[in-house]
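A quick write-up on the structure given underneath.
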Amino acid sequence: MAKPHPVNAYYDALGCFIHHFAQTESLLLAGLRQQAGVDEDTARAIFSGTRVDNAKSFINRLREIRKLPDSPTLKRAFAQLTIITTMRNDIVHYGAEFKAGFEPRVSTRAVAMPGNEREHIVTPDTLDQMTADLGIINNALSAVLFDAPSEEVRLAWEQAARQPWHYRPS
């Protein structure tokens, strides 16, 4: 049986990554609603169109104004989510070019000011690593922003949130 073309593996990993990113974004917005202490209708009215960076900022400001303690778990998750969001935006808005030997590259060179360009090799493994990290981030968000249904679940979320990152930018 013939091996699938590497581009197919890329698109499979990309689809999985985009799906999991959307789930993380939804969980983040649910956490924002929870932190704001508003009902779903009010949250839709206020937070409709809120993206990841603004949601993180709103959550941090709400926690600060309510004098909630700093959460190293949330800070760690937000830092990795920032890295992954930048990669996601570059991939979605600029796409990958497939060079000889199948080395998918994403670049902002065509639109960025000189000196501000970003270029990344984004392989299926890269996408899989970021997808795995989104799972860790989701556990961190759950552990900090939501009431767990049980102590056992809360401890599981916290333990999963402490796992090492799979994706490390080069």
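All conditions but one from (1) farther than 30 Å from residue 122 by Cα; (2) assigned to a loop (DSSP other than H, G, I, E, B) apply to residue 41; the one that does not is (2).
Among the candidates 123, 131, 108, the residue that is among the polar types (S, T, N, Q) and either touching a Gly at 6+ places or on another chain (Cβ under 6 Å) or at pLDDT 95 or above (or both) is uniquely 131.
Residues in the stretch 86-132 that are of a type in the set (Phe, Trp, Tyr) and not in a loop (DSSP other than H, G, I, E, B): 94, 98.
Each row is one residue, and each column tells you yes or no for (1) charged (D, E, K, R); (2) in contact with a strand residue (DSSP E or B) (Cβ under 9 Å, 6 or more places away or on another chain); (3) within 14 Å of residue 24 (Cβ to Cβ).
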position: 52; (1), (2), (3): no, no, yes
position: 58; (1), (2), (3): no, no, no
position: 65; (1), (2), (3): no, no, no
position: 71; (1), (2), (3): no, no, no
position: 88; (1), (2), (3): yes, no, yes
position: 106; (1), (2), (3): no, yes, no
position: 109; (1), (2), (3): yes, yes, no
position: 133; (1), (2), (3): yes, no, yes
position: 140; (1), (2), (3): no, no, yes
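Which of the following residues is touching a residue at least 12 places away in the same chain (Cβ under 8 Å), touching a Gly at 6+ places or on another chain (Cβ under 9 Å) and not in a loop (DSSP other than H, G, I, E, B): 81, 141? Answer to the check: 141. The test for being free of Cβ contacts under 8 Å to residues at least 60 places away in the same chain, assigned to a helix (DSSP H, G or I), of a type in the set (Gly, Ala, Ser) and surrounded by 14 or more Cβ atoms within 10 Å (Cβ to Cβ) does not hold for residue 148.
The residues on offer are 88, 63, and the sole one that is of a type in the set (Lys, Arg), at pLDDT 95 or above and in contact with a helix residue (DSSP H, G or I) (Cβ under 6 Å, 6 or more places away or on another chain) is 88. Contact map, the stretch 6-19: first residue within 13 Å of residue 132 (Cβ to Cβ), second residue hydroxyl-bearing (Ser, Thr, Tyr) and surrounded by 14 or more Cβ atoms within 10 Å (Cβ to Cβ), Cβ cut-off under 6 Å, separation 6 or more or different chains; pairs are 16/131; 17/131.
For the stretch 47-68, filtering for residues that are among the hydroxyl-bearing types (Ser, Thr, Tyr) and closer than 22 Å to residue 80 by Cα leaves 2. The residue that is farthest from the chain's Cα centre (by Cα), among those in the stretch 86-135 that are charged (D, E, K, R) and crowded, with 18+ Cβ neighbours inside 10 Å, is 90.
If you go through the stretch 9-38 and keep only what is part of a loop (DSSP other than H, G, I, E, B) and of a type in the set (A, V, I, L, M), you end up with just 38. Might you check whether a residue that is touching a residue at least 60 places away in the same chain (Cβ under 8 Å), in contact with a helix residue (DSSP H, G or I) (Cβ under 8 Å, 6 or more places away or on another chain) and of a type in the set (Val, Ile, Thr) occurs anywhere in the stretch 35-56? Within the stretch 35-56 (the criterion being touching a residue at least 60 places away in the same chain (Cβ under 8 Å), in contact with a helix residue (DSSP H, G or I) (Cβ under 8 Å, 6 or more places away or on another chain) and of a type in the set (Val, Ile, Thr)), the answer is no, since none of the residues qualifies.
The values are calculated or read from the model by the stated rules, or taken from the named source; none is laboratory data. For clarity, every value in this text was computed on a predicted model and none was experimentally measured. With ideal geometry, Cβ positions are generated from the backbone for all residues, glycine too; neighbour counts draw on all protein chains shown.
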